[in-house]
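Participant: Okay, handing you the structure first.
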Amino acid sequence: MNDELTVIEQRAVDFYGDELAAVKAEDGRVYVAIRHMCSALGIDTQGQTQRIRRHEILSDGEGVCKLHTPFGAQQTNMLRADLVPLWLSGIRVKSVKEELRPKLKQFQREAAAVLWEAFQDGRLTGEPFAELLETDSPEAQAYMMARAIMQMARNQLLLKSQVDTHGQRLDTHELRLETIEAALSNPDRLITEDQAMQLSQAVKAIALELGKRSGRNEFGGVWGELYRQYKIAAYRQLPAAKFDQAMNFLRQWYESLTDNSAEF
């Protein structure tokens, strides 16, 4: 492909401590900078870009655009987000440093979904707006309440459109109550996007602190320990009921390393 992309929106996505530049193009697709992903995985950008261009399918999702950076606009090769797993499947594990191999698996499992979600409803790991919501100010509480009301109204519209097998309208009021009660009481309910962001920030703080001592990238190890503690394969699979416990675990870990109070 290697076409010039018309960018309508650019965002920085924090993926397990690595910042990835992502854009939404005029075609409605999400693209991510190849250079940033290669840097995170410690592999050669030029070689991977050439491999993408030789691939019959990957080449259709490769393009270039001008990214806005602190150093001005820079011409950057991009890959369509939904093709990231296919690209990663062709990377030999042995070509990635041993300490970065857990990160390769994280990219393979989650990168495409995280990049896509970054442009949906404002969900973005590390987004300044999301950080403002964590302040628990009256304005933040009002916004969260308004968002909950909007979601409830959406559910009401969907329920209202349903009909039973006899062609009669369902009792939407009763269904709505059952839906809300089930969601709130469900012990298997997973953490929210905002809670996922808080976990990511806590892990980043610990990994950076460990990295100062070891000189290595410690993100994979910290995430791995969190997964082991709570028997999950991805942090978004953490049950909401265990969120506070997980945050306390991460705070204690950070404070044992720094002798300072955790700010997360």
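Only the coordinates and a few stated rules stand behind these numbers; no lab work does. Model, not experiment: these values are computed from the prediction. We place every Cβ from the backbone using ideal geometry, glycine too, and count neighbours over all the protein chains shown.
Participant: What FRET efficiency comes out for T45 versus K212 if R0 is 25 angstrom and r is the Cβ-Cβ distance? Round to the nearest 0.05. Don't jump to the answer; show the numbers that get you there.
Facilitator: Working: r = 26 Å, r/R0 = 1.05.
Calculated transfer efficiency: 0.40.
Participant: Let me ask you something else. Using only the alpha carbons of the range 1-69, what is the convex hull's orientation-averaged projected area in square nanometres?
Facilitator: Details: hull surface 19.1 nm².
Mean orientational projected area (the range 1-69, Cα hull): 4.8 nm².
Participant: Where in the range 48-62 does the amide nitrogen come within less than 11 Å of the point 7 Å from the Cα of Q108, taken along Cα to Cβ?
Facilitator: none
Participant: OK, next. Which value in nm describes the separation of the simple spin-label points at E193 and K97, placed 7 Å from the Cα toward the beta carbon?
Facilitator: Once both label points are built, they end up 3.3 nm from each other.
Participant: If you average the sequence gap of Cα pairs under 8 Å that are 6 or more apart and divide by the length of the range 11-112, what percent do you get for the contact order? Kindly include the intermediate steps, with their values, before the conclusion.
Facilitator: Numbers: 128 pairs, mean separation 23.9, N = 102.
Relative contact order comes out at 23 percent.
Participant: For a protection proxy built on the mean count of beta-carbon atoms within 10 angstrom, sort 56-65, 10-19 highest first, please. Display every interim value, and only then the final one.
Facilitator: Details: 56-65: 16.3, 10-19: 19.2.
Final packing ranking: 10-19, 56-65.
Participant: Over the Cα atoms, compute the radius of gyration (one decimal) and Dmax (the largest Cα-Cα distance, rounded to a whole number) for the range 1-120, in Å.
Facilitator: Rg then Dmax for the range 1-120, in Å: 13.3, 39.
Participant: Here is a further query. Pop the C-beta distance of H68 and Y230 into the FRET formula with R0 = 25 Å and round what comes out to the nearest 0.05. Working shown, then result.
Facilitator: Values: r = 38 Å, r/R0 = 1.52.
Calculated value: 0.10.
Participant: Starting with the highest mean, order 244-251, 111-118 by the number of other Cβ atoms within 10 Å, averaged over the residues of each peptide.
Facilitator: Numbers: 244-251: 15.9, 111-118: 20.9.
Sorting 244-251, 111-118 by mean packing, highest first, produces 111-118, 244-251.
Participant: Toward the positive end of the charge dipole of the range 56-115, about the Cα centre and with charges on Cβ (Lys, Arg +1; Asp, Glu -1), which of P85, Q74, L104 goes farthest?
Facilitator: Sorting the options by dipole projection puts first L104.
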